[in-house]
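The values are calculated or read from the model by the stated rules, or taken from the named source; none is laboratory data. Bear in mind that the values here come from a model prediction, so they are computed numbers and not experimental data. Note that each Cβ is placed from the backbone with ideal geometry, even for glycine, and that neighbours are counted across all protein chains shown.
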Amino acid sequence: VLNAAEIGATLIVPLATPERLVGYIEAFRHVDQSFTRDEVFVAESIGAHVSLAIENAAAYERARFAADHDPVTDLLNHRALQERLTLEFERCRQAGLPLSVAMIDLNSFKEFNDRFGHQTGDEVLKAIGQAIAAAAPSGASVSRYGGDEFTLLMPGYERAQAGVVIDAIHEQVRRFNAAHD
């Protein structure tokens with residue numbers, strides 16, 4: 001480790017993806033030393049490889065998110081719900097815990113879409129999904145089941161506890177409707 005008075009040469013190699021600068025590789029030399037061309041080349045090569053690895057990891061995460069989430073609401077999609085339901089059911093069964101599952105359906109949503117258009121309908125679905133997620137308890141999973149249907153998995157919740165959550169969600173949606181009438 002060099003202290004500031006001992007640093008003579010500094011080599012900074014940016015780590016960049018096509019979207020953004022993500023960091024730097026920094027190397028330091030003593031006051032009387034500099035970096036050779038070969039060392040700069042190696043540092044830049046390492047930087048390019050690290051940048052590519054960062055970009056690949058980010059692309060993988062984007063693809064994974066897209067595979068598991070509904071593009072309109074960013075909630076879990078039907079496929080991811082099926083996986084989560086299987087996992088939660090087995091986990092709760094082994095632990096002897098209850099598992100409550102609530103299906104939430106928006107009444108007359110087709111008529112809403114016909115009247116106001118699908119873009120507005122998508123905005124409403126997103127807002128309703130956010131309201132459901134905000135009211136959902138910690139550890140719950142919220143998903144968009146289908147067109148105007150949502151599912152809420154509540155591991156560890158008895159029927160009465162789940163009913164309190166559903167009442168809170170109903171109130172959130174009622175407030176949303178009142179604010180947008």
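May I ask you to verify whether Val13 is surrounded by 13 or more Cβ atoms within 10 Å (Cβ to Cβ), assigned to a strand (DSSP E or B) and under 24 Å from the mean Cα position of the chain (by Cα)?
When the stated conditions are applied, Val13 does not pass them.
Would it be correct to say that Thr36 is modelled with pLDDT of 95 or more, surrounded by fewer than 13 Cβ atoms within 10 Å (Cβ to Cβ) and either touching a helix residue (DSSP H, G or I) at 6+ places or on another chain (Cβ under 9 Å) or of a type outside the set (A, V, I, L, M, F, W, C) (or both)?
Numbers: modelled with pLDDT of 95 or more: no; surrounded by fewer than 13 Cβ atoms within 10 Å (Cβ to Cβ): yes; either touching a helix residue (DSSP H, G or I) at 6+ places or on another chain (Cβ under 9 Å) or of a type outside the set (A, V, I, L, M, F, W, C) (or both): yes.
Here the answer is no, as Thr36 does not meet what is asked.
Given the criteria surrounded by 16 or more Cβ atoms within 10 Å (Cβ to Cβ), modelled with pLDDT of 95 or more and closer than 21 Å to Ala179 by Cβ, does Phe109 qualify?
Considered against the rule, which asks whether it is surrounded by 16 or more Cβ atoms within 10 Å (Cβ to Cβ), modelled with pLDDT of 95 or more and closer than 21 Å to Ala179 by Cβ, Phe109 comes out as no.
Select from the range 137-180 the residues that are surrounded by fewer than 20 Cβ atoms within 10 Å (Cβ to Cβ), in contact with a Leu (Cβ under 6 Å, 6 or more places away or on another chain) and on the phi < 0 side of the Ramachandran plot and list them in ascending order.
Asp148
Among Arg79, Arg93, Arg84, Arg64, which is out of contact with any Lys or Arg (no Cβ under 7 Å at 6 or more places or on another chain), under 30 Å from Ala140 (Cβ atoms) and touching a residue at least 24 places away in the same chain (Cβ under 8 Å)?
On the way: Arg79 fails: touching a residue at least 24 places away in the same chain (Cβ under 8 Å); Arg93 fails: touching a residue at least 24 places away in the same chain (Cβ under 8 Å); Arg64 fails: touching a residue at least 24 places away in the same chain (Cβ under 8 Å).
Answer to the check: Arg84.
Test each condition in (1) part of a helix (DSSP H, G or I); (2) surrounded by 12 or more Cβ atoms within 10 Å (Cβ to Cβ) for Ser45 and report the one that comes out false.
It is condition (2) that Ser45 fails.
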